[in-house]
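Written below as structure tokens is the structure these notes are about.
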There are 2 protein chains.
Amino acid sequence: MSKTLSIAFIGLGNMGGPMAANLVKAGFQVTGFDLSASHLDQAKAQGVAPASSAQAAAKVADVVITMLPAGKHVLSVWQDILSTTKPGALLIDCSTIDVESAHAAHRLATEHGLTALDAPVSGGVGGAQGATLTFMCGGTELAFSMAKPLLEAMGKKIVHCGEAGAGQAAKICNNMILGISMIAVCEGFALAEKLGLSHQALFDVASTSSGQCWSLTTYCPVPGPVPTSPANRDYQPGFATPLMLKDLLLSQDAAHSAGAQTPLGARATELYQRYLETGASEKDFSGIISMLRS
Amino acid sequence: MSKTLSIAFIGLGNMGGPMAANLVKAGFQVTGFDLSASHLDQAKAQGVAPASSAQAAAKVADVVITMLPAGKHVLSVWQDILSTTKPGALLIDCSTIDVESAHAAHRLATEHGLTALDAPVSGGVGGAQGATLTFMCGGTELAFSMAKPLLEAMGKKIVHCGEAGAGQAAKICNNMILGISMIAVCEGFALAEKLGLSHQALFDVASTSSGQCWSLTTYCPVPGPVPTSPANRDYQPGFATPLMLKDLLLSQDAAHSAGAQTPLGARATELYQRYLETGASEKDFSGIISMLRS
């Protein structure tokens, strides 16, 4: 993909801002738009050309990237820009949204003769800043191969998960496993504490046996065993609880629509909701151990 | 530890039988007892000297090992043998039992001036046969250092988890994490199937990101991604569902007694109970995915 291609980036918040900046750093020409004037100013300072609207940004672009809060925002922006987008343009949605909206977005693009990719990310703000995100992509082989060189300017791992919607599906299935396993690890430590078993002893056993999981060995919810985990800095995110809850709610929406049974996913969703209600909106999701202890 | 020491092994079933045989192979003198005549005969064929009772086996032994189904059996056997056991003998309980009984067993031994270790295992029948078990040990440093050379004849990894009962605590905390994370992975795959995401695609994403766990990457509950997992042989155990349920029930007993909150542990226990009631007593615990699909 030639770096003289023009990219429109819609949604320049905590994630979209640094992602757009990394495209600029990689040599792409990026025009951006955000409803927030301050986000737009910050992006401008990073070399993104500000536009007056999503439509204005998109109409000159070969590739349009959206990074927005929810499905309704993505569908609204895509609806706005589709009539004026260049023929043959590629639309990439990097937002984490519900699977049904992702399918609806693909249909919108197809109806206008455009190529689309759903490409939600994992890695958080740190990954966005450091260009180390993982992109989980859904769409045709052609859409994926067109997008890949560009996504590589913002991420480290670009995975083609399948057809339209498969990127969103992979993200919510993965994050549902994550959300549940984190609580499992927290319950294990909370029980160990009551039984007089030290954190380090449980870590040493479980990290090298069948209880091993990322939530334990990379993101340990008690201070000590993994010095880089949020538990060592009073659960400053990291991966904030409202974002974990968002992903779990998306997984439960999808499970409900598709008729899948996810009993632990449902229970985990309730528990993060309850944790959030204790005032944990600024806490990492691994901080839920404090609620389980109380 | 001199291999001329005499070992009594009480409980020569699917686990205890091959464990005792490995002690014989390592050169120890082993006298055994089991209520089942056929187990005793099998052990005899492996070089274990059969005794007529637990007491008869134990009274000449420097080390007594028990491998029995539940806490009540361990306490009953220890009660029987304690009055006639050699002064200074070491008692090792390798059974997986409730934490309260483990403490009671340690107290019994202490009252009789004997040294005790709780040392439950993981690794299953395969680990017992291949002498690759993991031993999770609770007791004094002295008890641990006395037991270690002997446990090394039956296992690959011998961990000192802490004081009396810490071995049982580590095992149930680990296995509670395992039991929950397996259902998490099964729910992930069941949801992926409904969303049209392939098993391999979810595996590729989750195994290299935050959904990674032993239940996914070593023991994958769908056939294909991990050829050695029970899913590839119609869920033949492996780790049979009744044993997982036993460990989860022990974790819930301990959580209840100790006042720990384990909401996902509780829900997972209910789910394995329900799976068992569908006729899954001979199925690996990862087969629970079939119940979640139905």
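The values are calculated or read from the model by the stated rules, or taken from the named source; none is laboratory data. Values in this document were obtained by computation on a predicted structure and should not be read as measured data. Every residue, glycine as well, gets a Cβ built from its backbone with ideal geometry; the counts of neighbours run over all protein chains shown. In case anyone asks, the SASA skips ligands and DNA or RNA and just uses the protein heavy atoms, side chains included. Shrake-Rupley method; radii C 1.70, N 1.55, O 1.52, S 1.80 Å.
Here are some residues: A:Val125, A:Val185. Which one is within 26 Å of A:Ala268 (Cα to Cα) and touching a strand residue (DSSP E or B) at 6+ places or on another chain (Cβ under 7 Å)?
After ruling out the rest, the residue left standing is A:Val185.
Within the stretch B:66-79, does at least one residue satisfy the condition of being farther than 20 Å from B:Leu250 by Cα and either over 20 Å from the mean Cα position of the chain (by Cα) or acidic (Asp, Glu) (or both)?
Scanning the stretch B:66-79 turns up at least one residue that is farther than 20 Å from B:Leu250 by Cα and either over 20 Å from the mean Cα position of the chain (by Cα) or acidic (Asp, Glu) (or both).
Taking A:Ser52 as meeting all but one of (1) part of a loop (DSSP other than H, G, I, E, B); (2) out of contact with any Leu (no Cβ under 8 Å at 6 or more places or on another chain); (3) touching a residue at least 24 places away in the same chain (Cβ under 8 Å), write down the number of the exception.
(3)
Return the residue satisfying two criteria in turn: it lies in the stretch B:87-104 and is within 16 Å of B:Val63 (Cα to Cα) and touching a Ser or Thr at 6+ places or on another chain (Cβ under 9 Å), and of such residues it is surrounded by the fewest Cβ atoms within 10 Å (Cβ to Cβ).
B:Gly88
Provide a single number: the residues in the stretch B:148-175 that are assigned to a helix (DSSP H, G or I) and either more than 22 Å from B:Leu75 (Cα to Cα) or more than 11 Å from chain A (Cβ to nearest Cβ) (or both).
Counting residues in the stretch B:148-175 that are assigned to a helix (DSSP H, G or I) and either more than 22 Å from B:Leu75 (Cα to Cα) or more than 11 Å from chain A (Cβ to nearest Cβ) (or both) gives 7.
Among the residues of the stretch B:176-201, which ones are open to solvent by less than 10 Å² (accessible area, probe 1.4 Å) and part of a loop (DSSP other than H, G, I, E, B)?
Matches in the stretch B:176-201: B:Leu197 only.
Is there any pair linking a residue in the stretch B:63-91 that is in a loop (DSSP other than H, G, I, E, B) to one that is open to solvent by 60 Å² or more (accessible area, probe 1.4 Å) and aliphatic (A, V, I, L, M), with Cβ under 8 Å and at least six apart or on different chains, and which?
B:Lys86/B:Val60
Which of the residues that make up the stretch A:273-294 are surrounded by fewer than 16 Cβ atoms within 10 Å (Cβ to Cβ) and in a loop (DSSP other than H, G, I, E, B)?
A:Thr278, A:Gly279, A:Ser281, A:Glu282, A:Ser294
Out of the residues in the stretch A:113-129 that are of a type in the set (Gly, Ala, Ser) and in contact with a Phe, Trp or Tyr (Cβ under 7 Å, 6 or more places away or on another chain), state the one that is most open to solvent (accessible area, probe 1.4 Å).
The selected residue is A:Gly124.
Among the residues of the stretch A:130-147 satisfying the criterion of being surrounded by fewer than 17 Cβ atoms within 10 Å (Cβ to Cβ) and away from every other protein chain (no Cβ under 13 Å), which is nearest to A:Ala20 (Cα to Cα)?
A:Gly130
Can B:Thr241 be described as touching a strand residue (DSSP E or B) at 6+ places or on another chain (Cβ under 8 Å), under 29 Å from B:Leu195 (Cβ atoms) and more than 13 Å from chain A (Cβ to nearest Cβ)?
Here the answer is yes, as B:Thr241 does meet what is asked.
Exactly one of (1) out of contact with any His (no Cβ under 9 Å at 6 or more places or on another chain); (2) more than 7 Å from chain A (Cβ to nearest Cβ); (3) under 24 Å from A:Met176 (Cα atoms) is unmet by B:Phe189. Its number?
With (1) out of contact with any His (no Cβ under 9 Å at 6 or more places or on another chain); (2) more than 7 Å from chain A (Cβ to nearest Cβ); (3) under 24 Å from A:Met176 (Cα atoms) applied to B:Phe189, the lone miss is (1).
Given the criterion modelled with pLDDT of 95 or more, under 30 Å from A:Met291 (Cβ atoms) and either over 23 Å from the mean Cα position of the chain (by Cα) or in the same structural domain as B:Ala70 (by TED's automatic domain parsing) (or both), identify the matching residue among B:Pro227, B:Pro263, B:Pro223.
B:Pro263
Any chance the stretch B:29-43 includes a residue that's touching a Lys or Arg at 6+ places or on another chain (Cβ under 9 Å), buried (at least 24 other Cβ atoms within 10 Å of the Cβ) and in a loop (DSSP other than H, G, I, E, B)?
Within the stretch B:29-43, none of the residues are touching a Lys or Arg at 6+ places or on another chain (Cβ under 9 Å), buried (at least 24 other Cβ atoms within 10 Å of the Cβ) and in a loop (DSSP other than H, G, I, E, B).
Restricting the first residue to the stretch B:259-272 and requiring it to be more than 9 Å from chain A (Cβ to nearest Cβ) and crowded, with 17+ Cβ neighbours inside 10 Å, which pairs with a second residue that is of a type in the set (Val, Ile, Thr) and in a helix (DSSP H, G or I) meet a Cβ separation below 9 Å and a spacing of at least six or different chains?
Cβ pairs passing all conditions: B:Tyr272/B:Ile183; B:Tyr272/B:Thr241; B:Tyr272/B:Ile288.
Under the condition of being at the interface with another protein chain (Cβ under 7 Å from one of its Cβ atoms) and open to solvent by less than 10 Å² (accessible area, probe 1.4 Å), which residue from the stretch B:202-221 is farthest from A:Glu100 (Cα to Cα)?
B:Cys213
So B:Gly127 passes all but one of these: (1) closer than 26 Å to B:Gln236 by Cα; (2) in contact (Cβ under 8 Å) with a residue 60 or more places away in the chain; (3) within 14 Å of another protein chain (Cβ to nearest Cβ). Which condition number does it fail?
Every condition holds for B:Gly127 apart from (2).
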